[in-house]
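Beneath this line is the structure, given in structure tokens, with notes to follow.
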Amino acid sequence: MSAFAERRCVPCRGDTPPLGAEEVQAMAQEVPGWGVVEGKLTRDVKLNNFKEALALVNRIGDLAEQEGHHPDITIHSWNHVRVELYTHSIKGLSENDFILAAKINQLLP
């Protein structure tokens, strides 16, 4: 389990700088299954059916509300869920993105 999963998201201020490329690459090692695509932390999860995909979206939504950090979530091809994390207020990745990614990993089957 990633140490990120034990932390809580904290609000970012607009003047907080986004993580640099080296920091992102190092932190990405802590969240298996996630990759950086076009500056966003991204994961695609294949489930058995639409009902499972929808249930995962709802679990991620509940977690995001608890953490106060909200991902972009898409169901596509009826049984795939794509999650994209990005801190909009700083226009880049922050530690919160990795914290939420680690916690999402714990929700996966």
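All of the numbers you see were taken from the coordinates with simple rules; none came from a lab. Since this is a predicted model, take the numbers as computed values, not measurements. For neighbour counting, all protein chains shown are included, and Cβ atoms are generated from backbone atoms with ideal geometry for every residue, glycine included.
Some notes on this structure:
- Inter-centroid distance (Cα atoms) of region 34-109 relative to region 1-30, Å: 15
- Tensor-based shape of region 44-108 (alpha-carbon gyration tensor, a/c under 1.5 rounded, otherwise prolate or oblate): prolate
- From the coordinates shown, volume of the Cα convex hull per residue in Å³ corresponds to which of (i) 110; (ii) 88; (iii) 135: (ii)
- Value at 222 nm in deg cm²/dmol, rounded to 500, when DSSP H runs of n ≥ 4 in the chain each add -39,500 (n - 2.57): -11500 deg cm²/dmol
- Charge dipole magnitude, Cβ of K and R +1, D and E -1 - the chain, Cα centre, debye nearest 20: 280
- For region 49-58, Karplus couplings with θ = phi - 60° (6.51, -1.76, 1.60), whole Hz, Gly/Pro x: 6, 5, 4, 5, 4, 5, 4, 5, 4, 5
- With contacts taken as Cα pairs under 8 Å at a separation of at least 6 residues, region 7-109 carries a relative contact order of 38 percent.
- Length added when fully stretched, Asp15-Gln66, from 0.36 nm per residue minus Cα-Cα: 16.0 nm
- Label zone at Arg7, where the point sits 7 Å out along the Cα-to-Cβ direction: region 20-61 residues whose backbone N lies under 20 Å: 20-37, 39-43
- For region 62-109, the dipole from Cβ point charges (+1 on Lys and Arg, -1 on Asp and Glu) about the Cα centre works out to 140 debye, to the nearest 20.
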